[in-house]
DNA sequence: TTTTTGCGGGG
DNA sequence: GTGTACGCAAAAA
């Protein structure tokens, strides 16, 4: 008997039979491989044909003949109804699509024929990666880098202490003269590793030219071939559970594989000696049997990217935000020539290489708890969850729950259904447009998890839609959902919410990283549910469900608005799930009791939260309209902090002086409620700019080049500056941020834009900055108070601020 | 204007 | 591996 924690799974065909291979660790931290031979591939068919006739089907194909080994009759739930199906077992996994295609030639619909064999195994045996599994059986002498245990029985068991994973990060530097990459032509010149060995950092940089170093981690080898051999050895010796890289699916590992093939070097780092091979598809995923290859870039892009402030997923930007640590700065364009001249400067590149491996390691370590908890909840290996988008994570979770509820998994929509799904649109959240103005004593309410709670409380799902037993019609859509029998999807979502509530309770008693990560993973799944229903390629796509979720959302928010108004609160603004209202004569206690009153009327788990009280709030008008702008406001909370949404204060392509000024004007208005002071401040700043008293650093405007410099048709100021930088011999690749100042003179702006070091004795163009940076950043704010800052003569006509408080 | 292509990440 | 991203911006039609 053996208890182990699986983290990787694959299967192999031996003697015309599929064998499952589970790789994992035992509680005492040793690596093990557990095999299982008794799992048979299958799918479902809905057909009038007799099982006896079907069982005779034989389909020859390139590698043999596809055969059916057994057929069972089963019943499953499908969109609220019970359906009779044949469960068809085939000899090998690859026979499933072949037999399925044959059956579909004769009025037969097949289901679950595209569920991968290893996933099917995990779902059916209720085995969860990283959770303890008890195996009965014995060790064999199969050739492998870790002991192989052949199991006759596998049962998931009470989780003990999950062993910690050994992580090794890898990063390569390549010889790359000119532009573009060429893996076939140019060699790898350095490979860096970063790990942890007995709580000490494990550092190593391999390279094949000698240069003086002051560190002990650089190892010099004969040439690229020897370096690749050492790469293999180091991985075999370090014995990582997780091999991590940044874009290693698309760059580092394909590069290493391509170079190894050139030397006919067998890259057999897999625990079963399988030689690594390039993925030939568009979507590269490099799998190493027995070692989890985690490409951190994939997880960042698919899962946490949306919650990051940085729009760029470059290693430098992501590490800066998540770790507060950056890449080293070296001139990458010069690497090839430095390498050719064997310069001492190569030492700096070795340090750069190691730093990349280090921050990749740190990112992996930091994000691993989140990936592990997702893997445990969804029941898929780390390799898979780390590469999945939100919708696929939700879908995989729902798929694991089908076996609990005896539900049949719907097929993926075909191309034409998907096109139909995409073509249909429905109305989104309700927005109550604000009237521009400064408001005092504002209370903000919001619905806690509005869409998930609507789905649960109203039983929104395809199987409960327009049932035969109920008739509680949703006013706007004339649809209804069953009140008696809970649908499969709302049950699954309710379970997620309940599990998260339990974890929140545990966290009150004592929080830890695992509970936090688990709570985050469940929150992510719950919040993705509504989006999944309206996602065109979703198996459980349901236009009516998605449409009715937003319809009910609008209905509830409008009910709250109406109730607030009849209780003499005046509503200022509302967007989808939040309501902003002026207290007027009422107190915050009145606001809280209003929330209680509303909650007494809400069904199921729906709940309105009292989000907070704000002594002052400013709403400005939208461009070219007197109506208030959506999602653009500034508020002052009770602790004197500003909450700013939608203003330009954070945008890069505004000068520091304009951003600071906008922030200061908002502060004066919200904290001191003194429009005259704000106007005076603005005029004073304009005067300082006119007199060139503001340092030029504050005048820098930063714009990112999004394309190669040659490809720009219209030459903006940043392009003009970039062109001159190129002329001086420094390449300016796409993504470079160009800083420039607009100087005095005649002609178009682009002829007067200069990089800071080109500026010399030139002065910045005060009028340009006043008209294009200062005034646009404050005129919409001051306009609220009747101040036309663009027309100075109008400054005398300003109303007193008190006129704006009711 | 609509449709098609190509990029991101990596050196 | 019982499979074939995705969402957007720029270029082309």
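Points to keep in mind about this one:
- Relative contact order for region A:1-116: 24 percent, from Cα pairs under 8 Å spaced at least 6 residues apart, divided by residue count.
- Kirkwood radius and radius of gyration were both taken over the C-alpha atoms of region A:8-49, and their ratio Rg/Rh is 1.23.
- Of the peptides A:144-153, A:66-75, A:636-645, the order by per-residue mean of other Cβ atoms within 10 Å, starting with the highest, comes out as A:144-153, A:66-75, A:636-645.
- Take A:387-393, A:56-62 and order them by the average number of nearby Cβ atoms within 10 Å per residue, most first; the result is A:387-393, A:56-62.
- Listed peptides A:444-456, A:564-576, A:249-261, A:663-675 by packing density, highest first (mean Cβ within 10 Å): A:444-456, A:249-261, A:663-675, A:564-576
- Cα gyration tensor shape of region A:77-119, rounded if a/c is under 1.5, else prolate or oblate by comparing a/b with b/c: oblate
- Extent along principal axes [Cα atoms of region A:379-453; Å; largest to smallest]: 54, 31, 27
- Helix-only arithmetic for chain A: the sum of -39500 (n - 2.57) across DSSP H runs with n ≥ 4, divided by the residue total, places the mean residue ellipticity at 222 nm at -10500 deg cm²/dmol.
- Size descriptors for chain A, from the alpha-carbon set: Rg then Dmax equal 31.7, 95 Å.
- Long-range Cα-Cα pairs in region A:258-312 (distance over 14 Å), rounded percent: 66 percent
- Cα gyration tensor shape of region A:462-616, rounded if a/c is under 1.5, else prolate or oblate by comparing a/b with b/c: oblate
- Tail beyond 27 Å, pair distance distribution of region A:265-413 (Cα, percent): 42 percent
- Three-way shape label, region A:366-415, alpha-carbon gyration tensor, a/c 1.5: oblate
Values in this text are rule-based calculations from the coordinates and carry no lab data. Note that the structure is predicted; figures quoted are calculated from it, not measured. Every residue, glycine as well, gets a Cβ built from its backbone with ideal geometry; the counts of neighbours run over all protein chains shown.
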